[in-house]
Amino acid sequence: MTRRGFLLGKFMPPHAGHIALIEAARELVDELTVLVCWLPDDPIAGEQRLAWMRELFPDCRVLGHGEVVPQAPGDSPDFWPIWRGIVAAAHPEPIDYLFAGEDYGARLAQEAGGFFVPLGGRILAMDDALSGLSGSAVRADPAAHWPMLPEPVRAHYRKRICLHGAESTGKSTLASQLSQQLGLIAVGEYGRSHCEVHREALTLDDLLLIGRAQQAMASAAERWAGTRLLLDTDALMTAAWCEMLLGERPEELMQAQKADLYLLLEPDLPWVDDGTRFFSEPEERHRFARITEQVLIDAKVPFVRISGSGTARYDAALRAMGALDV
């Protein structure tokens, strides 16, 4: 005989406590239905949470409910009949076990049918890091709860910070400083390696490959990062190179995934020839700087200008990053 289970929640966002509850419930039944509930003005969109839960639990029937209904018995005398109907619509088959980590589960089981199985630390009066988690606490400080968040939720909160600017403006130096001082994972510049290996003049195909490789490296590194991923450069910088070298700006590069914040490094440092640089003349250098800034403007991305040398440059970058909510 097939044993069926049911549970519901907001999962705003899903965290280790939710995952432990659902995985334990899944072990006790042959089929588990999870109902993700939301309201239109929730701080995290219900459709997003539904997608996360379906990704996290592909072997469960994960459904969504986004209609505006009473959220507590005191909101309406029809609270329980309404929720009895919601559960029946989501799970028309008989429910064997109804799971919950809070007291409402006992009454919901009476209304909807099924034997109440009180899984979860809250109802068991546990006071540990897993059982005491709450969605509101996670939303208030995702970084403090990072180890308790699954990767899809981490990706939602993780911020990409990208250094941007003409050549010889200290991007790689600053990336190294920030990475070492803040303990961040930093994605290096693929274009430099490409040009060191392939000494021929860059073609459009070369530059498109550079942009794609840069984005691929960022995506591959992302899940190993914490709340912030630092990028030495990205496809928007490659778009600026295309315009400077070839007189065109490929749409493919402009449409690539954007960072959450760009640090636009001003060309106020001495030009240094490292063997892969092109534009030493002041006029060319400033033209390149104008192009790099215009690319950011046209892409409609947030950016902060960073100037100064030594610690002043580092401190300005640190201030700009500190204003980015994580």
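Overview of results
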quantity	calculated
The chain, Cα convex hull volume normalised per residue, Å³	165
Largest-first principal axis extents of the Cα set of segment 4-153 (Å)	39, 34, 30
Sorted by Cβ neighbour density within 10 Å, fewest at the top, the residues 145, 286	286, 145
Alpha-carbon centroid distance for the pair segment 133-171 / segment 90-109, whole angstrom	35
Residues 19, 210 arranged by fewest to most Cβ contacts within 10 Å	19, 210
Average projected area [Cα convex hull, segment 158-322], square nanometres	8.8
Computed over segment 206-249, the ratio Rg/Rh where both radii use C-alpha atoms and Rh is Kirkwood	1.08
Sum of -39500 (n - 2.57) over DSSP H runs of 4+, divided by residues of the chain (222 nm, nearest 500)	-13500 deg cm²/dmol
Local electrostatic count at residue 2 - Lys and Arg +1, Asp and Glu -1, tallied over other residues with Cβ under 9 Å	-2
Bins of 5 Å from zero: percent of alpha-carbon pairs in segment 39-108	3, 13, 18, 25, 26, 12, 3, 0
Sparse-neighbour loop sites [GluC sites (Glu not before Pro); segment 170-213; at most 14 other C-beta within 10 Å; DSSP]	200
Longest site-free stretch - the chain; sites: trypsin sites (Lys or Arg not before Pro), DSSP loop, at most 16 other Cβ within 10 Å	4-198
Fewest-first ranking of 288, 57, 6, using other Cβ atoms within 10 Å as the exposure measure	57, 288, 6
Cut-off under 5 Å, modelled amide H: who pairs with residue 187 long-range	230, 231, 232
Between segment 6-69 and segment 184-242, the alpha-carbon center distance in angstrom	37
Hull volume in cubic angstrom per residue (convex hull over the Cα atoms of segment 189-263)	91
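Computed from the coordinates by the stated procedures, all read-outs in this text should not be read as laboratory data. Note that the coordinates shown come from a computational prediction; the quantities given were computed from them, not determined experimentally. Glycine also receives a Cβ, built like all others from the backbone with ideal geometry; neighbour counts cover every protein chain displayed.
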